[in-house]
Amino acid sequence: MASPVSAAAPATNGAQVNGGARGSQEPDAVGNYEQSEDLNEITRRQLEEDIKAYRYDLEFSTELLKDGNLNLTPQEARTIQFRILDLGHQLRHCQHRIEQIDAQIPQPGSTSNGHRTFYYDAAPKRRANGAPSNSTPGPASKRARLSADADETMDLEAADSNAVQRLGYWMCHLCTANKYLSAGQNRVPSAPCKWPLRDVSKMLTHFLDMHTEHDPEERCIELGNALAANRGPFEYWLTRTKHQKVRDSNIMDECIDSLQAGTVPESLKKINRAAGAFPNAMSMKDKGEDGSMVA
């Protein structure tokens, strides 16, 4: 008899689930795409289809975990738990993308925000749990459904983000910002991240060495939000990799607060190469169109 986890493989394969969800709506969707000239509208519809597929997968995986007749081994149960956790992240990521698209649509009677960047409009400073403090609300019914779907994963997420372990989880918001997408072929990284940033060292390198199309302040804020949402892995990096005595000082809070305020703290510069060299490149706004310095 095949194991329950193996039997669940077709449902937990993202490509097959998404393909199935979209395939069932293909005649309708194709007709709408042909009539639509708005790329944002197409992207939004695709994200909503992905959300439906992820919700189905989440329900299926949750039922597997609850079914006492399956006699799951500890390893199989843990695999399903990780799958449920990942699905919760994917649901939130899709919802954040939808909110970013909605934020770009001008509201009636709205006033110009001057030279504020898309990054600040669509991804404002985040709290420690990774949720925007003043994000543009989407349709109430959709937000309620997504909240209900993610409820069962919140305990696992809280434990994982605070547990002192090497790997964390963060989806880079700079990789989806207009500043990056319109930066041209010389942007760094050359393509948006397809996978979450898991290792704190990679988070530091990603935001302090890369994304020079954004202002240094924006890069610091995004890094600060990432570390605030991954305090456990941040503590692991400080204590195990850099051998810092975190419990005897406020180094973690000082680093996060300073980064979220837009600057790299001296304590971080002393123990990390990328932090010590930051800012390693001029912001795009300080360069001319040909790459020369603006007087």
Checklist entry - Does Glu254 qualify as being over 20 Å from Arg198 (Cβ atoms) and in contact (Cβ under 8 Å) with a residue 12 or more places away in the chain? => result yes
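Every residue, every condition in (1) in contact (Cβ under 8 Å) with a residue 24 or more places away in the chain; (2) surrounded by fewer than 23 Cβ atoms within 10 Å (Cβ to Cβ); (3) of a type in the set (A, V, I, L, M, F, W, C), yes or no:
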{"site": "Thr176", "(1), (2), (3)": "yes, yes, no"}
{"site": "Lys179", "(1), (2), (3)": "yes, yes, no"}
{"site": "Asn186", "(1), (2), (3)": "no, yes, no"}
{"site": "Glu222", "(1), (2), (3)": "yes, no, no"}
{"site": "Pro233", "(1), (2), (3)": "yes, no, no"}
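Bear in mind that the values in this text are calculations on the coordinates, not laboratory data. This structure is a prediction, so every number in the text was calculated from the model and none was measured. Using ideal geometry, Cβ is built from the backbone for each residue, glycine included, and neighbour counts are taken over all protein chains shown.
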